[in-house]
Structures are given as structure tokens and as C-alpha cells.
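One structure is given below, encoded as C-alpha cells.
The values are calculated or read from the model by the stated rules, or taken from the named source; none is laboratory data. Because the structure is predicted, anything quoted here is derived from the model rather than measured. Because the Cβ atoms are built from the backbone with ideal geometry, glycine has one as well, and the counts that use them run over all protein chains shown. When the accessible area is computed, the model is the full protein with side chains, heavy atoms only, and any ligands, DNA or RNA have been set aside. Shrake-Rupley method; radii C 1.70, N 1.55, O 1.52, S 1.80 Å.
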Amino acid sequence: MADAKWYVVHTYSGYENKVKADIEKTIENRNLQDEILEVRVPMQEVVEMKNGSRKTVQKKMFPSYVLINMVMNDDTWYVVRNTRGVTGFVGPGSKPVPLTEAEMKPLGIKTENVSIDFAEGDTIVVVAGAWKDTVGVVQRIDFGKQTATINVELFGRETPVEIGFEEVRKM
């Protein structure tokens, strides 16, 4: 069986969640779980100011686009392409182009799993990047994005900083 890759599908505006639900239903009905592995509508938290109050809401990172982790073949292409609300795959002409590792990293989608030897509350030292040699306490671990949020002292205040797993080691 071929490797599954991430592809981008263009949809009608506002149809992202409907397309996701329809594709997931089709996967179940046609028993395609081994060929279409995951369907995502990437979301991000955004702070909005309304009537003087701050409110954190979820917004689509890429309106009118859906990400699909799938093995590309005639059957899966046909299923996705002919889903109501889908206008086509992203790529030149009718040829879908998979996302590269570099394009997926900022989306928080990783293909390899990294095991870590630290947990929330542990003191760690940053070994690479802009915060190199900084010591901090782990506040939160996000395995999806493979990052740890640590508190560092900056200008006499505790400040949260998000660091990739590969940039830290336990003290």
C-alpha cells in the first residue's frame, strides 16, 4: 500500500465543516478507513474585542480549504472530488500536489512522534533557537504541535514561551 500524504481540497465558502462531515460519512459507508485516514479543517484561537470585553474564539486558518490525509488513487480521488461542496484539489490542472513536511509544520501537523523525557512542572533548559540556554518550568505540553509552553523570566516577569520538543532537555 502506498504512503498517505496530506492534500489540500478547495471548497465553497462556508462549506468546510459540511465537506469534512460528508467525506467522513463516505469513508465509513465505502469502508475507506485504510485509504482516507484523516480530514481536518485547521482552526486557530483568535482574541476578539466586543463591547469592551475580550473573547477567545475559534476561526478557520484557511477559509474555503480542507486538509485530507489520504492515499491518492483513482477511488479516493473520485470520492473526494465528487463530494458536494468540493471544487477541486489544490495543484496544477487536475493533478493534486501533496503538502511537504515544511508546509505542514506551521499547521501543527507532524508525521513522526517524538517521545519526551519531561512533564508539566519539570524544569528544563532550552538547547537551541532564540531562547538557547534559557531555563524554564513546563506549564503545558501540546503533543499535536509537538511543543512545550514554558515560563521564563523576562524583564523581571514570568512570561510563557512556546518551544519545540527538539529545542529542550530536562535539567
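Candidates in the stretch 23-56 are the residues that are within 17 Å of TYR7 (Cα to Cα) and touching a Lys or Arg at 6+ places or on another chain (Cβ under 8 Å); of these, the one that is surrounded by the most Cβ atoms within 10 Å (Cβ to Cβ) is VAL39.
Quick one: is GLU45 free of Cβ contacts under 8 Å to residues at least 24 places away in the same chain, acidic (Asp, Glu) and either over 21 Å from LYS18 (Cα atoms) or not in a strand (DSSP E or B) (or both)? If you could, list the steps in order and put the result at the bottom.
Working: free of Cβ contacts under 8 Å to residues at least 24 places away in the same chain: yes; acidic (Asp, Glu): yes; either over 21 Å from LYS18 (Cα atoms) or not in a strand (DSSP E or B) (or both): no.
The answer is no for GLU45.
Looking only at residues of the stretch 68-96 that are among the hydroxyl-bearing types (Ser, Thr, Tyr) and outside any loop (DSSP other than H, G, I, E, B), we find that the one that is surrounded by the most Cβ atoms within 10 Å (Cβ to Cβ) is THR76.
Working only within the stretch 45-88, note down all residues that are polar (S, T, N, Q) and touching a Gly at 6+ places or on another chain (Cβ under 9 Å). SER64 - this is the single residue of the stretch 45-88 that is polar (S, T, N, Q) and touching a Gly at 6+ places or on another chain (Cβ under 9 Å). Every condition in (1) touching a residue at least 12 places away in the same chain (Cβ under 8 Å); (2) among the β-branched types (Val, Ile, Thr); (3) open to solvent by 20 Å² or more (accessible area, probe 1.4 Å) holds for THR100 except the one numbered (1).
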